[in-house]
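What follows is a single structure, written as structure tokens, with notes after it.
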Amino acid sequence: MLSSRLPRHALVWALILSIGFGSTSMSNTVLAAETAQHRLRVGLVLGGGGARGMAHVGVLKTLEEMHIPVDCIAGTSMGSIIGGLYASGMTPKDMEQTLERITWPEVFKDGPPRADLPFRTKQEERILLNAEVGLGADGAQLPKGLLEGQNLLLLLEELSLPAASIHDFDQLHIPYRAVATDLATGEPVVLGSGELAKAMRASMSIPSALAPVELDGKLLVDGGVSNNLPINVTRTLCRPDVIIAVDVGAPLAPASELNSVLSVTNQLTTILTVRNVIEQLKTLERKDILITPNLHDVSSINFERSTDAVHFGYIAAQGKRSDLSRLSVSPTVYQDYLASLPPIPGSEQPVIDFIRIHNGSQLSDQVLKQQLKIKPGDRLDPQQLNRNLNEIYGMGNFQQVNYTLVKENDQTGLVIEATPKYIGTDTLRLGLFLGANLKGDSAFDISAAYTMSELNALGGQWRNFLQLGSNIALLSDFYQPLDADQEYFVDPYLNYEQYNLELFDNSYGQGASFRVYQNEIGMNIGRNLEHWGRLSLGLYYAHGRNDLRFGQPFSYEGRFDEVGYTLRWEADTLDNINFPNSGYVSHLTFRDSLTALGADQNLQTLSLDYAQAYTWGKYSIIPHIRLDGKLSGKMGIQDLFLLGGLLNLSGYQRNQLSGQYAALGELIYMYRLDSASSAFTIPIYAGGSLEIGGVWNEYRDIDFDSLIPAGSLFLGVDSPLGPFYVGSGYAEGGNASLYMLLGKLF
């Protein structure tokens with residue numbers, strides 16, 4: 001080799017010159033690196049920037065292509081995630097493929113898909129908002145973030161699973177540090193041990209958006225607040241000869257774009273980040289390398305544009321090849337470097353020898369074990385485990401449910417961490433319905449549910465519900481699971497309600513209006529069919545009266561008593577109760593009121609309701625059918641079946657049509673106007689419906705000629721307060737209306 005002929009002092013000077021002046025010749029730099037007594041140590045710094053941080057993958061691709069060894073890594077926020085995965089042994093190619101398959105809207109939601117929620121929770125969703133407030137001895141407790149980050153943490157645990165049993169980050173494939181911020185002091189916190197996934201999650205706890213992570217007695221938020229480009233951390237970690245720093249932070253917005261509360265708030269956060277980055281950049285030396293990708297219009301929340309971000313990162317690193325080339329080594333030396341690193345744990349999933357549950361709630365450990373589909377001796381299935389843990393989270397008792405692997409006496413253990421809710425077991429949730437049309441009709445209902453949970457080891461709940469407005473309702477029920485797997489239950493209840501009932505059918509008095517008052521006591525006994533359905537038997541006694549508000553009096557005015565039972569089959573697998581794209585919802589109810597038990601009249605009724613959603617890209621269709629009818633006996637007006645309102649024979653007013661028999665068939669069409677792959681968007685839909693149906697008081701009157709065709713057009717927004725619709729409807733006979741609604745229709 002040529003290098004063997006050079007005097008020793010010449011080699012030293014060649015190395016000094018290559019470091020000081022950044023030689024552009026690949027052959028010269030490789031020569032210098034290989035002939036030096038030690039190659040240059042490289043420290044990698046990956047900054048935070050949300051979705052912009054996925055550009056780090058493109059930088060890593062270039063480093064590997066150029067055979068540049070990395071001796072240590074420090075990262076913040078998204079930089080901590082990319083850096084942590086690389087330090088645990090994941091290749092840039094694997095990262096790129098992983099980013100492409102991730103469904104980002106699901107990652108930035110909490111809990112399981114709606115189809116996997118407990119059936120009782122699905123029922124509550126039809127009335128109440130998702131947001132809840134804790135009520136306890138210390139007063140009201142608000143959540144610490146809009147999201148707990150449950151799904152994000154489970155994703156990180158799955159991706160870092162090969163290194164799950166390594167709790168000293170110096171023992172990873174490459175020594176690594178994550179940077180977070182102590183919420184109490186504002187000081188940076190350098191994480192070098194513990195659970196890798198939880199450290200990455202803590203570093204990316206975006207203030208207000210993602211709840212802080214508690215580690216070692218500290219409440220940690222996003223590291224970008226205090227140190228978004230941790231150059232100093234990398235210098236301390238491995239004392240590198242050269243720093244490669246990658247800054248992907250968002251630039252400050254110009255004054256012309258600061259035109260809303262959201263933009264101003266984002267600007268204030270960016271100012272903090274930019275300032276601490278500037279301080280870190282001042283510490284870079286001439287020999288260090290700064291890479292600042294031009295990410296164009298990729299913002300910090302454009303996670304669906306991972307491919308673009310990786311590409312821009314790759315271009316930026318390629319633009320620094322002349323500077324990076326002096327750090328390259330030959331393939332032989334690079335292989336020696338790789339061989340010197342701690343081995344990457346095997347990709348084969350381990351066999352679980354024992355399971356341990358750390359349960360901070362009042363629920364029995366057996367309740368949690370019944371939700372797990374894994375037992376000692378099984379090989380770990382990360383996707384199935386994540387689904388099971390999310391189902392436990394979906395029970396509503398926990399702040400966070402995650403796992404880690406431990407090694408004890410040559411055995412692999414699965415440790416489940418179920419952290420109880422920060423806001424406590426007693427919670428308050430609100431509900432809201434607003435409706436108005438251009439004909440002067442309006443409706444307003446606001447509701448609240450106070451729920452006391454974990455009243456016993458099986459998860460008994462006492463819920464008290466109040467609704468005020470056009471309709472008044474008071475409901476108290478005690479829901480008690482009867483076994484650890486939450487399959488069987490009893491649910492005794494008390495109910496009081498009063499509401500207006502407008503009758504426009506000649507058989508009951510044209511234009512008559514009643515106020516219905518009803519008290520009911522009963523008990524439901526049933527079986528949950530996993531998460532998709534329920535079978536139940538209900539026993540009830542109802543007493544009330546119908547007061548005429550205006551119109552012609554007739555025999556149905558006065559008091560009534562109903563005593564009997566109901567048989568009900570229910571199913572609900574909709575992915576979204578507001579604007580469903582997949583799944584179905586259905587119920588079949590048989591109701592029997594018996595004079596033998598004290599009812600005024602014998603009455604048997606049967607109701608069927610079924611809807612299913614289908615989606616192709618941005619297009620969705622929802623076929624819906626509803627059939628209600630009297631089987632025998634005599635109906636009071638409080639028992640009539642009602643139609644009318646948007647998507648319910650549109651064109652008629654809400655509940656304008658009533659009868660002892662009702663039928664509705666419709667096809668609802670929706671088109672999503674915004675991106676369905678974006679993580680932080682409020683979905684907007686344009687849609688319409690074709691409908692046909694009617695109501696009848698006599699079975700012999702039912703025929704095709706009496707069916708009423710109708711249709712609608714609407715614009716819908718899946719807002720944080722619930723689905724908001726602006727629409728118009730038309731029904732045969734000149735019945736037309738414009739609607740504005742805030743409330744659930746499905």
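The values are calculated or read from the model by the stated rules, or taken from the named source; none is laboratory data. Since the structure is predicted, the reported quantities are computational estimates derived from the model, not experimental observations. Cβ coordinates were reconstructed from backbone atoms using ideal geometry, including for glycine residues, and neighbour counts include every protein chain displayed. Heads up: the accessible areas ignore ligands, DNA and RNA and are worked out on the full protein's heavy atoms, side chains in. Shrake-Rupley method; radii C 1.70, N 1.55, O 1.52, S 1.80 Å.
Hey, does segment 114-126 have a residue that's within 30 Å of Thr451 (Cα to Cα) and open to solvent by 40 Å² or more (accessible area, probe 1.4 Å)? Yes: one or more hits. With Gly629, Gly598 as the choices, which residue is closer than 27 Å to Tyr517 by Cα and open to solvent by less than 20 Å² (accessible area, probe 1.4 Å)? Criteria check complete, one pass: Gly629. Filtering segment 318-372 to residues that are among the polar types (S, T, N, Q), modelled with pLDDT of 90 or more and in contact with a strand residue (DSSP E or B) (Cβ under 7 Å, 6 or more places away or on another chain) leaves Asn359, Ser361. Applying the set (1) under 18 Å from the mean Cα position of the chain (by Cα); (2) surrounded by 18 or more Cβ atoms within 10 Å (Cβ to Cβ) to Arg387 leaves exactly one unmet item: (2).
Among the residues of segment 283-309, the ones that are among the aliphatic types (A, V, I, L, M) and open to solvent by 10 Å² or more (accessible area, probe 1.4 Å) come to 3 in all.
When the residues of segment 139-171 are filtered to those that are assigned to a loop (DSSP other than H, G, I, E, B), in contact with a strand residue (DSSP E or B) (Cβ under 8 Å, 6 or more places away or on another chain) and among the hydrophobic types (A, V, I, L, M, F, W, C), the one that is farthest from Leu191 (Cα to Cα) is Leu142.
Residues are listed down the side, and each one gets a yes or a no for (1) over 30 Å from Pro105 (Cβ atoms); (2) at pLDDT 95 or above:
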| residue | (1), (2) |
| --- | --- |
| Thr566 | yes, yes |
| Asp572 | no, yes |
| Ser582 | no, yes |
| Phe590 | yes, yes |
| Arg626 | yes, yes |
| Gln653 | yes, no |
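In the condition set (1) in a loop (DSSP other than H, G, I, E, B); (2) closer than 22 Å to Glu100 by Cα; (3) among the charged types (D, E, K, R); (4) in contact (Cβ under 8 Å) with a residue 24 or more places away in the chain, Glu285 is compliant with all but (2). Here Lys618 passes the criteria (1) more than 37 Å from the chain's Cα centre (by Cα); (2) more than 24 Å from Leu501 (Cα to Cα) except the one numbered (1). Taking (1) open to solvent by less than 40 Å² (accessible area, probe 1.4 Å); (2) of a type outside the set (Val, Ile, Thr); (3) assigned to a strand (DSSP E or B) in turn, Phe312 satisfies each apart from (3).
Can you tell me which residue within segment 480-505, out of those that are open to solvent by 50 Å² or more (accessible area, probe 1.4 Å) and either within 30 Å of Gln366 (Cα to Cα) or of a type in the set (S, T, N, Q) (or both), is modelled with the lowest pLDDT?
Among those residues, the one meeting the criterion is Asn500.
Residue pairs whose Cβ atoms lie under 8 Å apart, separated by 6 or more positions or on different chains, with the first residue in segment 591-605 and closer than 17 Å to Leu640 by Cα and in contact (Cβ under 8 Å) with a residue 40 or more places away in the chain and the second assigned to a loop (DSSP other than H, G, I, E, B) and open to solvent by 60 Å² or more (accessible area, probe 1.4 Å), are Ser593/Gln601; Ser593/Asn602; Leu603/Lys634. Of the residues Gly413, Gly431, Gly424, the single one that is open to solvent by less than 30 Å² (accessible area, probe 1.4 Å) and over 25 Å from the mean Cα position of the chain (by Cα) is Gly413.
For segment 84-103, a residue qualifies if it is of a type outside the set (Phe, Trp, Tyr), touching a residue at least 24 places away in the same chain (Cβ under 8 Å) and not in a loop (DSSP other than H, G, I, E, B), and the qualifying residues are Gly84, Leu85, Ala87, Pro92, Lys93, Met95, Glu96, Thr98, Leu99, Glu100. May I ask you to verify whether Pro723 is farther than 11 Å from Leu646 by Cα, open to solvent by less than 30 Å² (accessible area, probe 1.4 Å) and modelled with pLDDT of 90 or more? Considered against the rule, which asks whether it is farther than 11 Å from Leu646 by Cα, open to solvent by less than 30 Å² (accessible area, probe 1.4 Å) and modelled with pLDDT of 90 or more, Pro723 comes out as yes. Considering only segment 546-555, I want to know if a residue exists there that is modelled with pLDDT of 95 or more and polar (S, T, N, Q). Looking for residues that are modelled with pLDDT of 95 or more and polar (S, T, N, Q), one finds none in segment 546-555, hence no. Of the residues making up segment 182-189, not a single one is polar (S, T, N, Q) and modelled with pLDDT under 90.
Among the residues of segment 173-191, those that are in a loop (DSSP other than H, G, I, E, B) and either touching a Pro at 6+ places or on another chain (Cβ under 6 Å) or within 14 Å of Ala163 (Cα to Cα) (or both) comprise His173, Ile174, Pro175, Leu183. Consider segment 726-746 and keep the residues that are assigned to a loop (DSSP other than H, G, I, E, B) and either out of contact with any Phe, Trp or Tyr (no Cβ under 6 Å at 6 or more places or on another chain) or within 14 Å of Gly688 (Cα to Cα) (or both). The one that is modelled with the lowest pLDDT is Phe746.
Against the list (1) surrounded by fewer than 16 Cβ atoms within 10 Å (Cβ to Cβ); (2) modelled with pLDDT under 95, the condition Glu65 fails is (2). Selection within segment 508-537: residues that are surrounded by fewer than 14 Cβ atoms within 10 Å (Cβ to Cβ) and outside any strand (DSSP E or B). The member of this set that is modelled with the lowest pLDDT is Gln510.
The set of residues in segment 379-419 that are at pLDDT below 90 and touching a Pro at 6+ places or on another chain (Cβ under 6 Å) is empty.
Does Pro207 qualify as being part of a loop (DSSP other than H, G, I, E, B) and at pLDDT 90 or above? No; evaluated as a whole, the condition is false for this residue.
From the list Asp718, Asp701, Asp705, the one residue that fits, being surrounded by fewer than 21 Cβ atoms within 10 Å (Cβ to Cβ), among the acidic types (Asp, Glu) and either under 23 Å from Leu434 (Cβ atoms) or modelled with pLDDT of 95 or more (or both), is Asp718. Please tell me if Gly688 is open to solvent by less than 40 Å² (accessible area, probe 1.4 Å) and free of Cβ contacts under 8 Å to residues at least 40 places away in the same chain. Yes.
Say we look at segment 538-564 and pick out the residues that are over 22 Å from Gln656 (Cα atoms) and of a type in the set (Ser, Thr, Tyr); which of these is surrounded by the fewest Cβ atoms within 10 Å (Cβ to Cβ)? Per the stated criteria, the residue is Tyr541.
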